[in-house]
Amino acid sequence: MIPETRYVKTTDGVYIAYQTVGEGPIDLVWQFEWLGNVDAIWEYRPFAEWFRGLASFSRLILHDRRGTGASSRNVDLPNLETRVADLKAVLDAVGSERPVLGGALEGGAPNVLLAASTPDRVHSLVWWYPKPRTTQTPDYPFGSKAEVLERFLEAALERWGTDDYEFGDIQGSGSRTEHVPWGRLTRQTATPDVAAEMVRIIIGETDVRGAMPAIAAPVLLLARERDRETLEYLASLLRQPRIRLFPGQDTLKIDEQPAVLDAIREFVGIEQPSPELGTVLSTVLFTDVVGSTQKQAAMGDRRWKGLIELHHATVREALKRWRGLESSTAGDGFYATFDGPARAIRCAIEIGKRVLDLGIEIRAGVHTGECQVMNGQISGITVSIGARVAAHAGPSEVLVSQTVKDLVAGSGLTFQEAGEHELKGVPDHWRLYRVAEA
C-alpha cells in the first residue's frame with residue numbers, strides 16, 4: 001500500500017511532495033540520493049523493503065526534491081541551501097522538531113548542511129555509502145575518476161527513461177540492482193534535461209566536506225569493509241563519528257538490509273540525557289489475569305507459580321515486539337508504557353490471544369496522557385486512569401479511553417462503544433471503547 005502523499009508550499013511558491021510512514025518513537029528523514037518519486041518508489045521491491053524497514057522503528061519522513069518526482073517540476077533545480085530550506089518546510093509541516101537525518105551517497109549532503117547550520121533541529125545523522133563529493137581531487141583521492149561525470153551526462157541524455165539506464169553500470173561498479181525497471185523509475189523522477197542538470201550539480205559541483213567539522217550531532221557512517229579507508233577519513237572530519245562496516249565487495253543486497261537496519265536502530269536508540277523531572281505524553285497499558293485468585297486456589301501454589309512464569313514470559317515477549325517498556329509487575333498484573341497508542345493496543349491484543357493457549361484470560365486497559373517523569377519513571381494521574389480503565393474490562397477484552405481512540409484514527413483499529421463509566425478516584429465520567437478484532 002502506497003502511503004498518502006501531501007504537499008507543503010514553500011515561501012517561494014514551490015510545492016514539495018512528502019509522506020510520513022510508521023509511528024515509531026523517533027522521526028527519521030531519508031533523502032533520495034538520485035532517483036526519487038514518493039509515490040512510485042513503493043512499486044520497486046528493493047526500495048520498498050528498505051523504507052518499510054526504516055518505518056518499522058521510526059516515523060519515516062520522505063520527500064521529493066523540487067524539480068523532480070511529485071514535487072513541482074516547472075522550477076529550477078535546487079542548490080543545497082534551497083534543499084535545506086525545503087526540508088525545513090517539510091519538517092515544519094509534519095511537526096518534526098529534532099529528527100534523525102538519513103541518506104545514501106549524495107543524499108546525505110543536505111543533511112550535513114542542515115546539521116552544521118541549524119544544530120538545534122537535528123538529533124543525529126545516518127549516512128550510507130557517504131559521498132561528500134563524487135569526483136577525485138588532490139586532497140580527496142576516494143572519489144570517482146573525472147570521466148565519471150561524462151559517463152553520467154551521456155547516460156542522462158541518451159539512456160534516461162529506458163531500461164538501459166542502470167546506476168551501477170554507469171558508476172563502473174558492474175553491479176545491477178534487481179527488481180527495478182529503471183526506465184519507469186527514471187521517467188517518474190525527471191526528464192532527461194533535468195537529469196543532466198542534476199548530474200552537473202551533484203557530481204560536478206557538490207562538496208560538503210567543509211561543513212562536516214561543524215556538525216555537533218553524532219554521525220553514523222555505513223559502508224562495506226572495502227571502504228574502511230574512506231570512512232576513516234570522513235570520520236576525521238567529524239566531532240562524533242560512528243563507523244559500521246559490512247562484508248562484501250558489491251552493492252547492498254536485499255537480504256543484507258536487516259543487518260544495516262539493525263545498525264541504524266541501535267544507533268538512533270542512544271539515549272540522550274534527560275532532566276530529572278519533566279512531563280511527557282505517554283501511553284500506559286495495564287493487564288491482569290481474570291479470576292486469578294480462584295485459579296490459584298484450584299491449582300495450588302506450585303502449579304500456579306509455573307503458570308504465572310509462562311504468563312510473564314509471554315507478556316514480556318509481546319512488549320519487546322511492540323517496543324513497550326515494562327514499568328512494574330505485581331502478582332499476575334503488568335504495567336507498561338509506550339510511545340504510541342496503536343502499538344500498545346496491538347500488544348494487548350497479542351497478549352490476550354497468546355495466553356489463551358495457557359488456559360487463562362487477561363483483561364487490558366489503555367490510556368494516553370501527560371505523565372510526570374522522575375528518574376526515568378513515569379507517574380501521575382494518567383497512570384491511575386489506565387489502571388481504572390483496565391479494571392472495567394472483561395475477559396479477553398481490551399478497553400481504551402476516548403483519547404486513545406482519537407489518537408489512533410487511520411491505524412486500521414476498530415472500536416465498539418463500551419459506555420460511560422466512573423473511574424474510582426478520578427473526576428468526571430469517562431467514555432470507554434472496546435477494541436474490536438483488528
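The values are calculated or read from the model by the stated rules, or taken from the named source; none is laboratory data. Everything numeric in this text was worked out from a predicted model, so none of it was measured. With ideal geometry, Cβ positions are generated from the backbone for all residues, glycine too; neighbour counts draw on all protein chains shown. With ligands, DNA and RNA removed, areas are computed over all heavy atoms of the protein, side chains included. Shrake-Rupley method; radii C 1.70, N 1.55, O 1.52, S 1.80 Å.
What the table shows:
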read-out: Full-extension gain in nm, residue 74 to residue 232, via 0.36 nm per residue minus C-alpha separation; value: 52.8 nm
read-out: 222 nm mean residue ellipticity, helices alone, for the chain (DSSP H n ≥ 4; -39,500 (n - 2.57); rounded to 500); value: -10500 deg cm²/dmol
read-out: Cα-based reach from residue 88 at 28 Å (exclusive), listing lysines while leaving out same-chain residues under 8 positions away; value: 9, 131
read-out: Protein accessible area in segment 369-438, 1.4 Å probe - carbon and sulfur %; value: 48
read-out: In Å², nearest 10: area of residue 325 left accessible to a 1.4 Å probe; value: 110
read-out: Extension gain from residue 120 to residue 361, taking 0.36 nm per residue of separation minus the Cα-Cα distance; value: 82.0 nm
read-out: Residue 81 paired with residue 52, simple spin-label distance in nm, labels 7 Å along Cα-to-beta-carbon; value: 4.2
read-out: Pairwise centroid distance, computed over Cα atoms, of segment 323-365 with segment 1-70, Å; value: 33
read-out: Projected area averaged over orientations for the chain, convex hull of C-alpha atoms, nm²; value: 24.1
read-out: Solvent exposure ordering (accessible area, 1.4 Å, most first) of 106, 422, 33; value: 422, 33, 106
read-out: R0 of 45 Å, Cβ-Cβ distance residue 209-residue 414: FRET efficiency to nearest 0.05; value: 0.30
read-out: Per residue convex hull volume, Cα atoms of segment 1-89, in Å³; value: 92
read-out: Probe 1.4 Å - accessible area at residue 27, Å² to nearest ten; value: 40
read-out: Solvent-accessible area per residue, Å², over the chain with all protein chains present [probe radius 1.4 Å]; value: 47
read-out: Cα gyration tensor shape for segment 310-438, rounded if a/c is under 1.5, else prolate or oblate; value: rounded
read-out: Label-point separation, residue 301 to residue 246 (7 Å along Cα→Cβ), nm; value: 5.3
read-out: Extension gain (nm, one decimal) between residue 139 and residue 353, 0.36 nm per residue minus Cα-Cα; value: 70.9 nm
read-out: Cα→Cβ-extended label distance, 7 Å offset, between residue 200 and residue 147, nm; value: 2.3
read-out: 319, 157, ranked by accessible area, largest first (probe 1.4 Å); value: 157, 319
read-out: Dimensions (Å) - segment 18-68, Cα atoms, principal axes, largest first; value: 31, 23, 15
read-out: Accessible area of segment 1-148 belonging to carbon and sulfur atoms, whole % at 1.4 Å probe; value: 48
read-out: Loop chymotrypsin sites (Phe, Trp or Tyr not before Pro), segment 70-167 (other Cβ atoms within 10 Å of the site Cβ: 16 or fewer; DSSP); value: 142
read-out: Cα-based shape type of segment 1-155, given that a ≥ b ≥ c are square roots of the gyration tensor eigenvalues and the cut on a/c is 1.5; value: rounded
